[in-house]
Each structure stands twice: as C-alpha cells, then as structure tokens.
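Accompanying notes for the structure given below.
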Amino acid sequence: MILVDKNIKNRHDEIFCGNCYDEKYVNAVSYDLHISGIVENNNIVPSYVLRPGEVVFVKTVEEIHMPNDLMGRIGEKNSRMRQGLYVAGPHYYPGHKTYLYLRVQNISSGTIKIKENDSIAQIFFEELCEVPEKTYDQQSNASFNNEDEYLGLAKYKDEYEERMNNLKDAGQNLDEKINHIYANILTLMGIFVSVFSLIMVNFTNITQNNINGKYIATVNISLGIVISLFLGLILLLVNHKEINKSAFFLYIAGILVLIGLLAWII
C-alpha cells in the first residue's frame, strides 16, 4: 500500500530527520525532494549548469530514516521531466537513515541550471506487509547508511574499478586487433598492387621490345624499393605496436641492399 497525503503527515516524525519536513511539500501520494547541493569533484556546490548528456549527483535537503514497515521509492517530477532532466535514485529500505543522493542527467539539447532549494524529485512511501527480519541498518553490506557526505562507490569501489579496468583492457585489445586486421588488409592490397605493377612494367617492356637487361633491372629494383617503403610505412603507421625490432632492422637492411644494388647497376 502506498501512503497518501494524510498518512505522510501523520508519520512525518518517523520518516524525516530534524527540521527538513515541510507540510506544504506533501502531495497526494508523495513528498517533494529539494536540492541541498550538487556533487562536483567530491565537493558540494550550490549551483551547477548541466551540459547536454551530462550526469551529476545531487544531495537533498531532506534526510530520511525509513521506518521498519516502509520502503521509499524515488519518482520523477513531471515538470523536471519536461524540462529535459532525467532523475533516478535507489529504493530506500526499512531502517535506512541517510540524506538522499540522486543521479541527475540532462537529456535535452540545451544547458540546464540546477541550484540549491530547487524541487528535483519526489519520494513515494510503500507500506510493507511485514517488518523484515533484518532491516537495512542491520545488514553488514549496508554501505550507504548514514551517508552525510557523498561516498561515491563506497566499499564497491575496488570491485567496480577492477571491472572497469577489465573493460578498458578488453577495449584496447579489440582496438589492437582491429588495427592488426587493417594492417594485414593494407599489406595484402599493397602486395597485390606491387606484383601487378611489376608484371605490367615487365610486360610493357617486352611488348615494346625493350629487353635491355640493365634497364629492366633498374626499373624493377627502383619499383621494389618504392614498394618496400610503401609497405613499411603501412606497418609503421597502422600496426606499429606489433613491429618486432629484429624484423625492423632486417627490413631496413633489405632496403639498403636494394639501394646499393641499384647504385651498382647504375
């Protein structure tokens, strides 16, 4: 069962801590939540301009201590949704005592300014059929109880950072594989063009009865040097991370040999 306005008014002393409750913010089936500050670089600032697509966390004025027979559920406000803000928050379990930290995203195409005391969301209170055997404050993994200051990922930080690092490594491996594939494709294309060019050069010389050995050797070696430099450039630019130093030096030596051979023939 969801509490209605008169239920919220009757039980506000059980739900809200200190003097943060104000009856004028009670709606038919919810209570309006207001910004106390915006989390920026782990500091709380009074106002913030959200760029399109940007996400921030806001701290609410309200501090709650959920009774053992109630659960709190965050809901968006129609006015904020139409403005272009997407607001999300967790469920607040029985026994949970905390300020509320809500995730706010600008899903519009323009900037949106949010500031302290702005109404940002609403909370619904659902009455449970029974009191849980173990409330949130009694759970060993209740990382976000009594969250006066923003805790970020709290004790989940190491676990999630490891996952993020794994995803980052997987992304890098994928990029390397893509680069390797591109390098192989370009290399194969280069080899194909090179072989085709050599065939055409020699075929042209034969059909034109230009079978001077020195001339043909000069043309072929010159073309071989250009092709080798071209293929080396492809490997260097696209697949430089996987270049073996020994193979690179052997490649340079091969180029020098071709240049020396060309100089000898000329």
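Data table
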{"item": "Residue-span extension gain [Ser47 to Lys134] - 0.36 nm each, minus C-alpha spacing", "result": "27.5 nm"}
{"item": "Projected label distance in nm at Asp148 and Glu127, using a 7 Å step from Cα toward the beta-carbon", "result": "3.4 nm"}
{"item": "Fully extended contour minus Cα-Cα distance, from Asp13 to Met1, at 0.36 nm per residue", "result": "2.4 nm"}
{"item": "Evaluated at q = 0.16, 0.27, 0.28, 0.32 Å⁻¹: base-10 log I(q)/I(0), Debye formula over Cα of the stretch 55-98", "result": "-0.52, -1.02, -1.05, -1.17"}
{"item": "Distance violations [Cα-Cα > 31 Å] among Lys113/Lys134; Lys77/Lys97; Lys24/Lys134", "result": "Lys113/Lys134; Lys24/Lys134"}
{"item": "The stretch 5-152: relative contact order as a whole-number percent, Cα under 8 Å and 6+ apart", "result": "29 percent"}
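None of the figures in this text is laboratory data; all of them are computed from the coordinates on show. The structure displayed is predicted, hence computed values, not measured ones. In this analysis, Cβ positions are derived from the backbone assuming ideal geometry, glycine residues included, and neighbour counts consider all displayed protein chains.
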